[in-house]
Amino acid sequence: MLYLALAVVFNLLLLVIIKYFERFKIPAIQGIVVNYFAAGTTALIFSGTTITFHAVVHSDFFSFSFILGALFISVFYAISVTALQMGMAVASVANKMSVVIPVSAAFVLYNDTVTPIKIIAIVLALISVYFATRTSKSYTVENKKNKNIFFPVFVFFGSGIIDALVNYANKRLIHSESENALFSALLFFVAGSIGLFWLLYLILIKKQSFYFKSILGGILLGIPNFFSIYFVLKALETGFLESSSLYPILNVLIVILSATVGYTLFSEKLSKINIAGIALAIIAIGLIMI
């Protein structure tokens, strides 16, 4: 339970730091790219093991990490846009209600327990995401043209696929504690490298300015980012819960706490239908837990 609690804390911290990017006017893409290199470096330092090129290339998860790395930075950017434009609670629900994807994968691939209640909960979860990400009618025409709804939808599917693939790697590709840290570091460095090309394009071709505060913000984001993945892997590794139960418990706690933090720290306003979506999300995950 300790690993699960720590995973909740660090995932929540990620959303809070991203929200502060807006307050300090840190460009999201700049902070995110720096964040991944900081997270990868944190993984290497925290592991305390010597990692060689041979060990990386010949690991079972080497090629697998490139797929996950690309997903990581794409989804993280979408989360940051969702949090800034639609609020932290909406970003959290879209991100965490994607639990239906790894739960479904666990049923098929790992023979996790299937019950009618879990199936009903998955349907409710999909409905709750729609409600929680609906924008109010007061949104301007300009906002509608921006198609903001794309970002939470992408966060939903992308996050779910990431969770399913991380669970797969934990069960089939990672064989030791040192490989756990190596896997995390490789994911972060791949994501950072992909983002770096994007960032260089924006700076060199689009002539966007790079800000020193992006480095500081990225480092502050990268450290909890590593631990958010590390403790999820550790919680899965203990086996005290099936993954189809662990992910829902993790996510409902993040949804509840992020909505609370968004309201108390950032005075975020939620429409009645958004609140109904969050409530339905909690009910759905509660059913999955049962």
> Looking at (1) of a type in the set (Gly, Ala, Ser); (2) farther than 26 Å from Ser245 by Cβ; (3) out of contact with any helix residue (DSSP H, G or I) (no Cβ under 6 Å at 6 or more places or on another chain), can you tell me which one Ser176 breaks?
Replying inline: (2)
>> So for the range 246-259 (the condition being surrounded by fewer than 20 Cβ atoms within 10 Å (Cβ to Cβ), assigned to a helix (DSSP H, G or I) and more than 16 Å from the chain's Cα centre (by Cα)), does at least one residue qualify?
In response: no
> Within the range 38-69, can you find the residues that are at pLDDT 85 or above, among the hydrophobic types (A, V, I, L, M, F, W, C) and touching a Phe, Trp or Tyr at 6+ places or on another chain (Cβ under 7 Å)?
Replying inline: Ala39, Ala43
> Of all residues in the range 206-245 being in contact with a Leu (Cβ under 9 Å, 6 or more places away or on another chain), in a loop (DSSP other than H, G, I, E, B) and among the aromatic types (Phe, Trp, Tyr), which is nearest to Phe37 (Cα to Cα)?
Replying inline: Phe210
>> Just to verify a result, which residue in the range 266-278, among those that are in contact (Cβ under 8 Å) with a residue 60 or more places away in the chain and among the small types (Gly, Ala, Ser), is nearest to Glu22 (Cα to Cα)?
In response: Ser271
> Considering the range 79-113 alone, what residues qualify as being aliphatic (A, V, I, L, M), over 13 Å from Asn167 (Cα atoms) and surrounded by 23 or more Cβ atoms within 10 Å (Cβ to Cβ)?
Replying inline: Ile79, Ala83, Met86, Met88, Ala89, Val90, Ala91, Val93, Ala94, Met97, Val100
> Does the range 38-48 contain at least one residue that is aliphatic (A, V, I, L, M) and free of Cβ contacts under 8 Å to residues at least 24 places away in the same chain?
Replying inline: yes
> Would it be correct to say that Ile283 is surrounded by fewer than 23 Cβ atoms within 10 Å (Cβ to Cβ), at pLDDT 80 or above and of a type in the set (Val, Ile, Thr)?
Replying inline: yes
> Does Val16 qualify as being under 21 Å from Ser258 (Cβ atoms), touching a Ser or Thr at 6+ places or on another chain (Cβ under 6 Å) and either in a helix (DSSP H, G or I) or free of Cβ contacts under 8 Å to residues at least 24 places away in the same chain (or both)?
Replying inline: no
>> Only one of Leu199, Leu250, Leu257 is of a type outside the set (Phe, Trp, Tyr) and closer than 22 Å to Leu173 by Cβ. Can you tell me which?
In response: Leu250
> If we keep just the residues of the range 27-74 that are among the small types (Gly, Ala, Ser) and part of a loop (DSSP other than H, G, I, E, B), which is surrounded by the most Cβ atoms within 10 Å (Cβ to Cβ)?
Replying inline: Ser59
>> Can you pull out every residue in the range 95-147 that is at pLDDT 70 or above, part of a loop (DSSP other than H, G, I, E, B) and out of contact with any Asp or Glu (no Cβ under 8 Å at 6 or more places or on another chain)?
In response: Asn111, Val114, Thr115
> Only one of Ile162, Ile174 is crowded, with 18+ Cβ neighbours inside 10 Å, within 16 Å of the chain's Cα centre (by Cα) and of a type in the set (Val, Ile, Thr); which?
Replying inline: Ile162
> Looking only at the range 1-13, which residues are touching a residue at least 12 places away in the same chain (Cβ under 8 Å), out of contact with any Asp or Glu (no Cβ under 9 Å at 6 or more places or on another chain) and assigned to a helix (DSSP H, G or I)?
Replying inline: Leu4, Leu6, Ala7, Val8, Phe10, Asn11, Leu12, Leu13
>> If I ask for residues that are over 23 Å from Ile288 (Cβ atoms), of a type outside the set (A, V, I, L, M, F, W, C) and surrounded by fewer than 19 Cβ atoms within 10 Å (Cβ to Cβ), which ones from the range 260-272 would you list?
In response: Tyr263, Thr264, Ser267, Lys269, Ser271, Lys272
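The values are calculated or read from the model by the stated rules, or taken from the named source; none is laboratory data. Just so it is clear, the structure is predicted and the values come from calculations on it, not from any experiment. Here the Cβ is made from the backbone with ideal geometry for all residues, glycine too, and neighbour counts use every protein chain on show.
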